[in-house]
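To start, the structure under review is shown below, and the notes come after it.
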Amino acid sequence: MRLIVAKDYTHLSRIAADKVENQVLLKPDSRIGTVTGASPAGMYLELVRRCQEEGLDFSEVSTVNTDEYAGLSGDHPQSYRYYLDHHFLEPCRIRRERTEVPRGDAKDLEEECRRYETFYRKNPVDLQILGIGHSGHIGFNEPEHYFPEETHMVSLAPETIAANAEYFDDPEQMPAKALTVGIGTLMQAKSILLLVSGKSKAEIVYRFLCGNITPEVPATVLRLHQNVTAVLDEDALSVVRQRAPERLRQLLG
Ligand code: GLP
């Protein structure tokens with residue numbers, strides 16, 4: 001895993017946008033695995049700026065998102081489909097038929113998981129963007145006793161509900177379940193770009209980098225992937241800087 005230290009969130013977002021831009025310059029028809037949440041928001045903003053002001057061309061790009069809330073349709077303002085359409089896909093002029101997000105309002109959600117898994121496996125992801133939840137989740141793969149392999153339904157961890165409920169006008173409306181690609185699905189990506197920012201992530205970043213590889217901290221599995229770049233800001237690294245073994249601290253500079 002390559003570690004890149006950013007001084008703050010703005011710096012992190014710029015580094016992340018550079019990585020995505022490079023990917024698309026080298027392979028214009030790249031498939032990007034998208035994720036939502038606060039971590040990649042600044043990166044999307046910067047990519048949109050580059051598309052609109054600097055002629056960055058995403059017309060051949062296709063995308064596939066990691067997860068969606070169960071029960072929300074794509075026109076619900078808190079759905080991940082809605083977020084991506086408005087903050088990335090439409091402003092970067094990526095055509096709708098080139099984009100995939102699990103259908104949270106599908107009649108049969110188990111069937112939708114199977115459809116999504118088949119799609120992900122048939123259409124390899126060139127660059128998967130990821131964030132880490134406070135519980136250590138990636139996508140919505142919450143702490144478990146095993147690594148779920150395929151796209152599945154998940155009950156969200158209490159920390160996840162607490163962190164995400166604030167985005168809902170009425171926090172009670174936040175779904176307690178979601179559809180997410182599995183750990184096995186994510187590990188198929190050719191490369192992974194992990195973004196982590198903020199003091200609230202500092203403890204989980206320490207466990208991610210220094211703890212055992214365990215499904216109880218799902219993100220630790222990324223240490224087994226052969227092509228991961230993690231961009232972390234100083235706030236996210238604050239516990240690692242205090243407690244990590246000397247050799248890792250030296251590596252961070
Ligand atoms: C969210 C998403 C994840 C995301 C993670 C971290 O709820 N479903 O895919 O990566 O939790 O979110 P944030 O970046 O807001 O901390």
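Some points to look at:
- Pro102 vs. criteria within 14 Å of the ligand (Cβ to nearest atom) and touching an Asp or Glu at 6+ places or on another chain (Cβ under 8 Å): yes
- For Gly136, the criteria (1) out of contact with any Asp or Glu (no Cβ under 7 Å at 6 or more places or on another chain); (2) away from the ligand (no atom under 16 Å from the Cβ); (3) part of a loop (DSSP other than H, G, I, E, B) hold in every case but one, which is (2).
- Only one of the numbered conditions (1) among the aliphatic types (A, V, I, L, M); (2) out of contact with any helix residue (DSSP H, G or I) (no Cβ under 6 Å at 6 or more places or on another chain); (3) assigned to a loop (DSSP other than H, G, I, E, B) is violated by Ala106, and that is (2).
- Of the criteria (1) at pLDDT 95 or above; (2) surrounded by fewer than 18 Cβ atoms within 10 Å (Cβ to Cβ); (3) closer than 29 Å to Ala6 by Cα, which one Val231 fails: (2)
- Condition check for Val196: within 15 Å of the chain's Cα centre (by Cα) and surrounded by 21 or more Cβ atoms within 10 Å (Cβ to Cβ): yes
- Check on Ala244, touching a Cys at 6+ places or on another chain (Cβ under 7 Å), of a type outside the set (D, E, K, R) and either closer than 25 Å to Ile32 by Cβ or surrounded by 16 or more Cβ atoms within 10 Å (Cβ to Cβ) (or both): yes
- Residue list for segment 64-99, restricted to those being of a type in the set (Val, Ile, Thr) and either open to solvent by 30 Å² or more (accessible area, probe 1.4 Å) or in contact with an Asp or Glu (Cβ under 7 Å, 6 or more places away or on another chain) (or both): Val64
- Test set (1) open to solvent by less than 40 Å² (accessible area, probe 1.4 Å); (2) within 20 Å of Val228 (Cβ to Cβ); (3) out of contact with any strand residue (DSSP E or B) (no Cβ under 7 Å at 6 or more places or on another chain) - Cys51 fails condition number: (2)
- Extreme residue, farthest from the chain's Cα centre (by Cα), among residues of segment 140-163 that are in contact (Cβ under 8 Å) with a residue 60 or more places away in the chain and either within 11 Å of the ligand (Cβ to nearest atom) or assigned to a strand (DSSP E or B) (or both): Met153
Matching residues to (1) among the aliphatic types (A, V, I, L, M); (2) away from the ligand (no atom under 14 Å from the Cβ):
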residue	(1), (2)
Ala106	yes, yes
Gln128	no, no
Asp169	no, yes
Pro175	no, no
Ala178	yes, no
Thr185	no, no
Lys199	no, no
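The values are calculated or read from the model by the stated rules, or taken from the named source; none is laboratory data. Everything numeric here is computed off the predicted structure, so don't read it as measured data. Note that we place each Cβ from the backbone using ideal geometry, even for glycine, and neighbour counts take in every protein chain shown. Protein only, heavy atoms only, side chains kept; ligands, DNA and RNA dropped before computing areas. Shrake-Rupley method; radii C 1.70, N 1.55, O 1.52, S 1.80 Å.
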